[in-house]
1. With the requirement that a residue be surrounded by 13 or more Cβ atoms within 10 Å (Cβ to Cβ) and either at positive phi or modelled with pLDDT of 95 or more (or both), what does the range 212-227 give you?
2. Are there any strands (runs of 3 or more DSSP E) wholly within the range 78-181 with 2 or more residues that are surrounded by 15 or more Cβ atoms within 10 Å (Cβ to Cβ), free of Cβ contacts under 8 Å to residues at least 60 places away in the same chain and touching a strand residue (DSSP E or B) at 6+ places or on another chain (Cβ under 8 Å), and if so which?
(Lines give C-alpha, C1' and ligand atoms only; values in the text may rest on other atoms or scores of the structure.)
Protein backbone atom coordinates (compact mmCIF):
# COMPACT_ATOMS: atom_id res chain seq x y z
CA UNK A 1 0.00 0.00 0.00
CA UNK A 2 1.42 3.38 -1.00
CA UNK A 3 1.82 5.79 1.91
CA UNK A 4 -0.22 8.98 1.69
CA UNK A 5 1.69 11.84 3.39
CA UNK A 6 -0.01 14.30 5.74
CA UNK A 7 0.55 17.99 6.36
CA UNK A 8 0.18 17.66 10.13
CA UNK A 9 -1.21 15.53 12.96
CA UNK A 10 -4.75 16.55 13.82
CA UNK A 11 -5.52 14.30 16.80
CA UNK A 12 -3.79 11.78 19.08
CA UNK A 13 -5.84 9.22 20.98
CA UNK A 14 -4.44 6.66 23.41
CA UNK A 15 -6.75 4.09 24.93
CA UNK A 16 -5.97 2.62 28.35
CA UNK A 17 -2.81 4.52 29.23
CA UNK A 18 -1.41 2.57 32.20
CA UNK A 19 -4.82 0.78 32.16
CA UNK A 20 -6.27 3.87 33.83
CA UNK A 21 -6.64 6.77 31.39
CA UNK A 22 -7.91 7.49 27.90
CA UNK A 23 -6.15 10.34 26.10
CA UNK A 24 -7.75 12.51 23.42
CA UNK A 25 -5.57 15.42 22.26
CA UNK A 26 -6.54 17.78 19.43
CA UNK A 27 -3.40 19.34 17.99
CA UNK A 28 -2.67 22.66 16.34
CA UNK A 29 -0.82 22.59 13.01
CA UNK A 30 2.02 24.76 14.35
CA UNK A 31 2.99 24.40 18.03
CA UNK A 32 1.75 22.04 20.74
CA UNK A 33 3.20 22.10 24.26
CA UNK A 34 2.30 19.33 26.70
CA UNK A 35 2.61 20.24 30.36
CA UNK A 36 1.96 18.57 33.69
CA UNK A 37 3.55 17.34 36.92
CA UNK A 38 6.25 14.68 36.93
CA UNK A 39 4.96 11.19 36.27
CA UNK A 40 1.65 12.25 34.73
CA UNK A 41 2.49 10.76 31.33
CA UNK A 42 3.95 13.46 29.08
CA UNK A 43 6.89 11.41 27.86
CA UNK A 44 4.76 8.28 27.54
CA UNK A 45 2.25 10.08 25.31
CA UNK A 46 5.04 11.25 23.02
CA UNK A 47 6.71 7.83 22.99
CA UNK A 48 3.46 6.00 22.16
CA UNK A 49 2.74 8.51 19.38
CA UNK A 50 6.19 8.05 17.85
CA UNK A 51 5.83 4.27 18.02
CA UNK A 52 2.56 4.56 16.07
CA UNK A 53 4.24 6.65 13.39
CA UNK A 54 7.04 4.12 12.98
CA UNK A 55 4.57 1.83 11.18
CA UNK A 56 1.94 4.37 10.12
CA UNK A 57 2.68 4.21 6.39
CA UNK A 58 1.82 0.52 6.23
CA UNK A 59 -1.65 0.92 7.74
CA UNK A 60 -5.00 2.44 6.90
CA UNK A 61 -5.94 6.04 7.57
CA UNK A 62 -7.29 6.51 11.09
CA UNK A 63 -6.87 2.91 12.24
CA UNK A 64 -6.06 2.05 15.85
CA UNK A 65 -2.92 0.06 16.64
CA UNK A 66 -1.88 -1.05 20.12
CA UNK A 67 -4.44 1.28 21.68
CA UNK A 68 -3.23 4.33 19.73
CA UNK A 69 -4.99 6.20 16.95
CA UNK A 70 -3.55 9.21 15.13
CA UNK A 71 -5.67 11.28 12.78
CA UNK A 72 -3.91 13.28 10.10
CA UNK A 73 -4.79 16.24 7.98
CA UNK A 74 -5.87 15.49 5.29
CA UNK A 75 -7.95 12.66 6.75
CA UNK A 76 -6.96 10.14 4.08
CA UNK A 77 -3.25 10.47 4.92
CA UNK A 78 -1.51 7.52 6.55
CA UNK A 79 1.90 8.90 7.54
CA UNK A 80 4.04 12.00 8.01
CA UNK A 81 7.81 12.54 8.20
CA UNK A 82 8.94 13.05 11.81
CA UNK A 83 11.99 13.47 14.02
CA UNK A 84 12.52 13.05 17.75
CA UNK A 85 14.68 15.21 20.02
CA UNK A 86 15.38 13.90 23.50
CA UNK A 87 17.39 15.07 26.47
CA UNK A 88 20.52 12.95 26.59
CA UNK A 89 21.58 11.41 29.88
CA UNK A 90 24.85 10.25 28.31
CA UNK A 91 27.14 12.57 26.39
CA UNK A 92 28.14 9.67 24.13
CA UNK A 93 24.55 9.38 22.85
CA UNK A 94 24.42 13.11 22.15
CA UNK A 95 27.81 13.00 20.41
CA UNK A 96 26.76 10.09 18.21
CA UNK A 97 23.57 11.81 17.03
CA UNK A 98 25.41 15.07 16.39
CA UNK A 99 28.04 13.25 14.33
CA UNK A 100 25.32 11.58 12.22
CA UNK A 101 23.64 14.94 11.58
CA UNK A 102 26.95 16.58 10.67
CA UNK A 103 27.65 13.84 8.12
CA UNK A 104 24.18 14.28 6.63
CA UNK A 105 24.67 18.05 6.48
CA UNK A 106 27.94 17.62 4.62
CA UNK A 107 26.37 15.21 2.11
CA UNK A 108 23.04 17.00 1.70
CA UNK A 109 22.44 19.64 -0.94
CA UNK A 110 20.95 22.26 1.38
CA UNK A 111 19.49 25.27 -0.41
CA UNK A 112 21.81 28.28 -0.22
CA UNK A 113 19.16 30.51 1.39
CA UNK A 114 18.39 27.88 4.05
CA UNK A 115 22.09 27.30 4.73
CA UNK A 116 22.61 31.06 5.14
CA UNK A 117 19.63 31.34 7.52
CA UNK A 118 20.94 28.42 9.59
CA UNK A 119 24.39 29.98 9.82
CA UNK A 120 22.95 33.34 10.87
CA UNK A 121 20.78 31.72 13.56
CA UNK A 122 23.71 29.77 14.99
CA UNK A 123 25.90 32.88 14.97
CA UNK A 124 23.23 34.77 16.92
CA UNK A 125 22.94 31.97 19.46
CA UNK A 126 26.67 31.49 19.97
CA UNK A 127 27.59 35.17 19.72
CA UNK A 128 27.90 35.59 23.49
CA UNK A 129 31.03 33.40 23.36
CA UNK A 130 32.25 35.03 20.14
CA UNK A 131 31.83 31.89 18.05
CA UNK A 132 30.85 32.13 14.39
CA UNK A 133 30.41 29.44 11.76
CA UNK A 134 33.29 29.15 9.33
CA UNK A 135 31.69 30.13 6.01
CA UNK A 136 34.63 28.77 4.00
CA UNK A 137 34.26 25.17 5.17
CA UNK A 138 32.09 22.42 3.67
CA UNK A 139 31.67 20.98 7.16
CA UNK A 140 30.40 22.78 10.23
CA UNK A 141 33.23 24.38 12.17
CA UNK A 142 33.49 27.48 14.32
CA UNK A 143 35.89 30.38 14.54
CA UNK A 144 36.60 31.85 17.96
CA UNK A 145 39.34 34.40 18.54
CA UNK A 146 41.43 33.15 15.67
CA UNK A 147 41.01 29.50 16.68
CA UNK A 148 39.06 26.93 14.65
CA UNK A 149 36.76 24.69 16.70
CA UNK A 150 34.92 21.54 15.64
CA UNK A 151 31.47 20.80 17.13
CA UNK A 152 32.84 18.17 19.52
CA UNK A 153 34.43 21.03 21.49
CA UNK A 154 31.09 22.73 22.14
CA UNK A 155 29.27 22.65 25.48
CA UNK A 156 26.39 20.20 25.97
CA UNK A 157 23.86 23.03 25.60
CA UNK A 158 25.48 24.25 22.38
CA UNK A 159 25.49 20.69 21.03
CA UNK A 160 21.81 20.27 21.94
CA UNK A 161 20.83 23.45 20.11
CA UNK A 162 22.94 22.48 17.11
CA UNK A 163 21.24 19.06 17.02
CA UNK A 164 17.78 20.66 17.05
CA UNK A 165 18.55 23.21 14.33
CA UNK A 166 20.34 20.69 12.10
CA UNK A 167 17.41 18.28 12.42
CA UNK A 168 15.02 20.99 11.24
CA UNK A 169 17.35 22.25 8.50
CA UNK A 170 17.76 18.81 6.94
CA UNK A 171 13.98 18.53 6.43
CA UNK A 172 14.03 21.59 4.19
CA UNK A 173 10.58 23.19 4.12
CA UNK A 174 8.72 19.88 4.12
CA UNK A 175 5.60 19.33 6.21
CA UNK A 176 6.81 17.23 9.12
CA UNK A 177 6.52 16.74 12.88
CA UNK A 178 9.25 17.39 15.43
CA UNK A 179 8.72 15.69 18.79
CA UNK A 180 10.82 17.21 21.58
CA UNK A 181 10.88 15.67 25.05
CA UNK A 182 12.05 18.28 27.57
CA UNK A 183 14.39 20.04 25.11
CA UNK A 184 15.13 22.75 27.67
CA UNK A 185 17.61 20.54 29.55
CA UNK A 186 21.11 22.07 29.25
CA UNK A 187 19.74 25.19 27.52
CA UNK A 188 20.16 28.68 28.97
CA UNK A 189 16.83 30.39 29.68
CA UNK A 190 17.33 32.86 26.80
CA UNK A 191 17.80 29.93 24.41
CA UNK A 192 14.67 28.29 25.79
CA UNK A 193 12.73 31.47 25.02
CA UNK A 194 14.04 31.58 21.44
CA UNK A 195 13.83 27.86 20.67
CA UNK A 196 10.37 27.72 19.08
CA UNK A 197 10.81 30.88 17.01
CA UNK A 198 14.20 29.73 15.71
CA UNK A 199 12.83 26.31 14.70
CA UNK A 200 9.89 27.86 12.88
CA UNK A 201 12.13 30.41 11.25
CA UNK A 202 14.05 27.57 9.62
CA UNK A 203 10.91 25.66 8.62
CA UNK A 204 7.47 27.29 9.05
CA UNK A 205 5.85 24.01 7.96
CA UNK A 206 7.14 21.97 10.89
CA UNK A 207 4.59 20.94 13.52
CA UNK A 208 6.08 20.97 17.02
CA UNK A 209 4.95 18.54 19.71
CA UNK A 210 6.83 19.33 22.91
CA UNK A 211 6.71 18.04 26.47
CA UNK A 212 8.25 20.45 28.96
CA UNK A 213 8.49 21.75 32.52
CA UNK A 214 9.91 25.08 31.39
CA UNK A 215 7.74 28.22 31.45
CA UNK A 216 10.44 29.96 29.38
CA UNK A 217 9.43 28.06 26.24
CA UNK A 218 6.06 29.81 26.14
CA UNK A 219 7.27 33.33 26.97
CA UNK A 220 7.25 34.52 23.36
CA UNK A 221 3.55 34.16 22.65
CA UNK A 222 2.91 30.43 22.96
CA UNK A 223 0.72 30.32 26.07
CA UNK A 224 -2.32 29.34 23.96
CA UNK A 225 -0.36 26.35 22.65
CA UNK A 226 -0.06 24.75 26.11
CA UNK A 227 -2.15 21.70 26.97
CA UNK A 228 -2.26 20.14 30.43
CA UNK A 229 -2.27 16.34 30.45
CA UNK A 230 -5.13 16.47 32.97
CA UNK A 231 -7.26 18.36 30.41
CA UNK A 232 -6.97 15.65 27.73
CA UNK A 233 -7.32 12.58 29.93
CA UNK A 234 -10.38 10.77 31.30
CA UNK A 235 -10.59 7.62 33.40
CA UNK A 236 -11.21 4.43 31.48
CA UNK A 237 -14.58 2.75 32.01
CA UNK A 238 -12.91 0.16 34.23
CA UNK A 239 -11.13 2.81 36.28
CA UNK A 240 -14.29 4.92 36.64
CA UNK A 241 -16.25 1.87 37.84
CA UNK A 242 -13.90 1.20 40.75
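The values are calculated or read from the model by the stated rules, or taken from the named source; none is laboratory data. It should be emphasised that the depicted structure is a prediction, and the values quoted were computed from it without experimental measurement. Glycine also receives a Cβ, built like all others from the backbone with ideal geometry; neighbour counts cover every protein chain displayed.
1. Hits for the range 212-227 are 225, 226, 227.
2. Numbers: elements: 82-85, 142-144, 147-149, 176-181.
By residue number, 142-144.
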